[in-house]
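Below is one structure, written out as structure tokens, with a few remarks after it.
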Amino acid sequence: MRHQEIYQQVTEYFKQRDVFRYVRYNTEVISVKKASDYDDAGRWVVTVKDRITNELTTDVYDGVLVCTGHMNRPMMPTYPGQEQFKGKILHSHSLKGVSPYQGKNVIIVGMGCSGLDAAVEISNVAKQVYLSTRTGAHILSRLGDRGLPYDHLLFRRYLYLFIDILPINAASWILETCYLDLLFDKRLYAVKPKHGILSQDPSLNDHIGSKLMSGSVIMKPNIKCFTEDGVIFEGDSEVTQADSVIMATGYTWKFPFLEEGIVEQENGRINLYKCMYPPELPHGTLAIVGFILPLGPGFPTGEIQCRWAVQVLAGKCKLPSKAKMYADIKKRYETNMKRYKPSDKMSIRVDYVPYCNDIASQFGAKPNLLKLLFTDLPLFTKLLFGPSLPYQFRLQGPHAWEGAREAIMTSEYRMLWPLTKGRVGEIRDNIFKVLFQKTFKFLGIL
């Protein structure tokens, strides 16, 4: 969905359910502190500032959900000679359009999603775009096999089982060899990825391949130093002329309004139970929502977190002991340390399907696959081998939806309908054609 469509969907939801009356606009949270009766009631004192009048208001709340995410502080690296550069340096967070780069030489630092988006869009108007990266990246296109959405093909429960069963390097090699490299072989990149696709964040972009092939975007290694009119890349001796340098170098995190000591970082480990609850707090009345790096979609993981947090606030779910929470935090951190490249956000990396299953199991919304195997084989098959959809967590538990099963069983039809204008049956291939294509692809002919 495009940004405008997501905005429209959220706006319509708020209007239909009269949510807007609960929203306070132009408001900045100044502080969140424990109330005087916190030890007994777990309540919080929240102070906010009106951004128009600068008036401060303080209220007491039974619960607080912090939903600012992990991308709230742009991270700007520094390089030797940067102060003498006469061009413009900015973070991609401040990039609002491409017109200022008409006919310019532009360097993009970073190969994440925002860096690729900036490189692709600016290359449409710029004289030349250079894409600088230290470690390279694995790039996913939204379109997968036969033009189907990549998340429809990849985010399936049985595929995530391979990540748990196989060594992570083996699972990465299979995914890269059998899927990713067929679309764009990483050996064609000037700077090849240093880590497997399951050991670093893949980047999402549909057009960077054609931009690299046409030369409108040129991949370069890390910047060695700046000069007055450009930069020198590592391994180069000549200056690459540049008018602007855009740092698509990610974000750091901070919760400046929270009372000190609530969210602790110990030896690089962020202490949050299930990436949500500070284990030192005796009450589950404060939760951090959306502070995760999922290998998969973000909206479903955020939704399942909210559902659990509401059950905890309502007193229908209880958190385990502090010792058990710390043990879970330590286990996730150590597992991620063995799998991922070094990062200050190692503690909050999760896999979409296993994480949603874990959170859903906390309040009884995880589907019972064993039961479904014997009572509803078609649904079991869809849940195990079909795309992993959020509807599955509405089959049972709090606020279950009677239409969840039908939504799961018909998801492919509804996904294809806008593309085919209702002629979904016309694109279904017979079994002989499918086997023929897969055989030739396996042999490397197609």
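The values are calculated or read from the model by the stated rules, or taken from the named source; none is laboratory data. Because the structure is a prediction, the values reported are computed rather than measured. Ideal geometry is used to build each Cβ from the backbone, glycine not excepted, and the neighbour counts take in all protein chains shown. Each accessible area value is taken on the protein alone, full model and side chains, heavy atoms only, with ligands, DNA and RNA left out. Shrake-Rupley method; radii C 1.70, N 1.55, O 1.52, S 1.80 Å.
What to note about this one:
- Cα→Cβ-extended label distance, 7 Å offset, between residue 370 and residue 83, nm: 6.6 nm
- Entry for Kirkwood radius over Cα pairs in Å (calculated from the structure that is shown) out of (1) 24.9; (2) 23.0; (3) 27.0: (1)
- Remark on segment 235-309: ratio of C-alpha radius of gyration to 2.2 N^0.38 Å is 1.64.
- Sorting 243, 40 on solvent-accessible area from highest to lowest, probe radius 1.4 Å, gives 40, 243.
- 361, 244, ranked by accessible area, largest first (probe 1.4 Å): 361, 244
- Accessible surface, per residue, of the chain when the full set of protein chains is kept, probe 1.4 Å, Å²: 56 Å²
- Among 290, 29, 166 the positive-end extreme of the charge dipole of the chain (Cβ point charges): 166
- Over segment 144-268, the fraction of Cα-Cα pairs per 5 Å bin, rounded to whole percents and listed from the shortest bin up, is 2, 7, 12, 15, 14, 13, 12, 12, 9, 4, 0.
- Here's the picture: a label point sits 7 Å out from the Cα of residue 411 along the beta-carbon direction, and within segment 284-328 the residues with their amide nitrogen under 14 Å of it are 296-301.
- Carbon plus sulfur fraction of accessible area for segment 308-417, probe 1.4 Å, in percent: 59 percent
- C-alpha center-to-center spacing [segment 180-217, segment 227-252] in angstrom: 20 Å
- Rounded to the nearest 10 square angstrom, residue 206 shows an accessible area of 60 square angstrom against a 1.4 Å probe.
- Evaluated at q = 0.23, 0.31 Å⁻¹: base-10 log I(q)/I(0), Debye formula over Cα of segment 11-63: -0.86, -1.05
- With every protein chain in place, segment 88-179: carbon and sulfur % of accessible area (1.4 Å): 56 percent
- With N as its number of residues, segment 12-133 has a Cα radius of gyration that, divided by 2.2 N^0.38 Å, comes to 1.61.
- Model label sites at residue 330 and residue 169, defined 7 Å from Cα along the beta-carbon direction, differ in position by 2.8 nm.
- Positive dipole terminus of segment 189-305, leading residue within 265, 195, 276 (C-beta point charges): 195
- Residue 255 paired with residue 234, simple spin-label distance in nm, labels 7 Å along Cα-to-beta-carbon: 3.5 nm
- Antiparallel bridge percentage (DSSP; both residues within segment 18-171; nearest 5): 75 percent
- Stretched out straight at 0.36 nm per residue, the stretch from residue 76 to residue 90 would grow longer than its current Cα-Cα span by 4.2 nm.
- Where 337, 213 fall by accessible area, highest first, once all protein chains stay in place (1.4 Å): 213, 337
- Computed helical MRE - 222 nm, the chain, DSSP H runs ≥ 4 contributing -39500 (n - 2.57), nearest 500: -9500 deg cm²/dmol
- Computed with every protein chain present, the accessible area of residue 199 is close to 10 Å² [probe 1.4 Å].
- FRET efficiency estimate (nearest 0.05) - Cβ-Cβ, residue 25 to residue 435, R0 56 angstrom: 0.45
- Positive-end residue, the chain charge dipole about Cα centroid, Cβ charges, pick of 116, 102, 65: 116
- Whole-percent carbon and sulfur share, accessible surface of segment 20-67, 1.4 Å: 46 percent
- Within-15-Å neighbourhood charge of residue 189 [Cβ basis; K, R +1; D, E -1]: +4
- Total formal charge among the other residues, if their Cβ is under 13 angstrom from that of residue 312, Lys/Arg +1 and Asp/Glu -1: +3
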